[in-house]
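For reference, the structure discussed in these notes is given below.
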Amino acid sequence: MQPSIESAWDVYSPSTLVSKSTELHFAKALLRHYHNALVQNESGLRFFREAYGIYDDNTLKEFHVGFCDRTFPKTLPKAETIEGERCRGFYERLRLINGVTGHETFRGMDVLPIFNLDNELIGAFGKRRADFPKAMRGKTLSVLMPEYCGYFYNHAALSSYDHITLCESPFDVLSFASAGVRNVVSLLDLKMLEDSHLYELLEHGITTVTLALSRTPSGDRYFSIIKRQLEDVDITVKKLSLCVGESVSSLWAMSKRFESVMCEIEEINRCQNSSPSLMH
């Protein structure tokens, strides 16, 4: 008799036997730890006020904004235990923890979790507050489950509006939301629109997109490319009136300019709402 060559048992791991409710529990534990690490640190809250003009802690809570202070793995059961394997396997699949080193992917970064329409954690976006000479990566980093590539941050907004504002960073979404503008989504780290992005916009009946990109050489170049991509699929494109050198994240510091741009966004939304809508 030939020996069996069946090796399916080799890939068995306790982490593959995790229910949806258990995954939700694991996700909440991580998000709660990161959020507490941010709001319990005055320097972190001051940074969000100074960098993004976010004085309302409710915005940070609503979007589950947190900070990776490198202490979360210490709160987990030992890796040698079944429970430790189960939770670490979940975080590893989301690429939030390195399965080899055990280090957190976003260590030293402010973290914005990314959810799907079922409110399940599917990835995260992180940004450093300053450059670190010995850092292994740049100022921003995003990780996402492969099946969600070409995703928008604040994706749920697409289901509620037929016109949206598209900005270049998830942190810009926070600035808009804090100012009361809700129909805002962003790319991840200013990557170009992909076919999957365009499909999402069309599938949700988006008819108008206001581009709120930085008035820099690279931002203007992205604007030209993205404008052409959107117009090619018959989506109307508007442009937010920023001065040369301005970005969404820099506007709040000049309160009059920030208020002016917010008024412009509100006027665009108002005009769009007064037009016949394709959404029902």
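The values are calculated or read from the model by the stated rules, or taken from the named source; none is laboratory data. Just so it is clear, the model here is predicted, and its values are computed rather than measured. Neighbour counts run over all protein chains shown; Cβ positions are idealised from the backbone, glycine included. These accessible areas exclude ligands, DNA and RNA; they are computed on the full protein's heavy atoms, side chains included. Shrake-Rupley method; radii C 1.70, N 1.55, O 1.52, S 1.80 Å.
Worth pointing out:
- Beta carbons closer than 7 Å, at least 6 apart along the sequence or on distinct chains, pair a first residue in region 212-233 that is under 14 Å from L190 (Cβ atoms) with a second that is in a strand (DSSP E or B) and open to solvent by 60 Å² or more (accessible area, probe 1.4 Å) for F223/K239.
- Flag if V184 is under 12 Å from T165 (Cβ atoms), modelled with pLDDT under 90 and touching a Cys at 6+ places or on another chain (Cβ under 7 Å): no
- Residue check for E194: within 23 Å of A124 (Cα to Cα) and open to solvent by 10 Å² or more (accessible area, probe 1.4 Å): yes
- A count restricted to region 65-106 and to residues that are part of a helix (DSSP H, G or I) and either closer than 13 Å to A29 by Cα or open to solvent by 30 Å² or more (accessible area, probe 1.4 Å) (or both) stands at 14.
- Residue pairs meeting the criteria (Cβ under 7 Å; at least 6 apart or on separate chains; first at pLDDT 85 or above, in region 126-142; second charged (D, E, K, R) and open to solvent by 70 Å² or more (accessible area, probe 1.4 Å)): K127/K139; R128/K139
- Odd one out for E6, checked against (1) open to solvent by 50 Å² or more (accessible area, probe 1.4 Å); (2) at pLDDT 55 or above; (3) not hydroxyl-bearing (S, T, Y): (2)
- Applying the condition of being open to solvent by less than 60 Å² (accessible area, probe 1.4 Å) and modelled with pLDDT of 95 or more to region 230-247 and asking which residue is nearest to I268 (Cα to Cα) yields V237.
- Any chance I114 is at pLDDT 90 or above and of a type in the set (A, V, I, L, M): yes
- Given (1) on the phi > 0 side of the Ramachandran plot; (2) open to solvent by less than 60 Å² (accessible area, probe 1.4 Å), index of the condition Y52 fails: (1)
- Among the residues listed as G66, G108, the single one being in contact with a Phe, Trp or Tyr (Cβ under 6 Å, 6 or more places away or on another chain) and either in contact (Cβ under 8 Å) with a residue 12 or more places away in the chain or farther than 17 Å from V173 by Cβ (or both): G66
- Those residues of region 31-49 which are open to solvent by 20 Å² or more (accessible area, probe 1.4 Å) and not hydrophobic (A, V, I, L, M, F, W, C), in sequence order: R32, H33, H35, N36, Q40, N41, E42, S43, R46, R49
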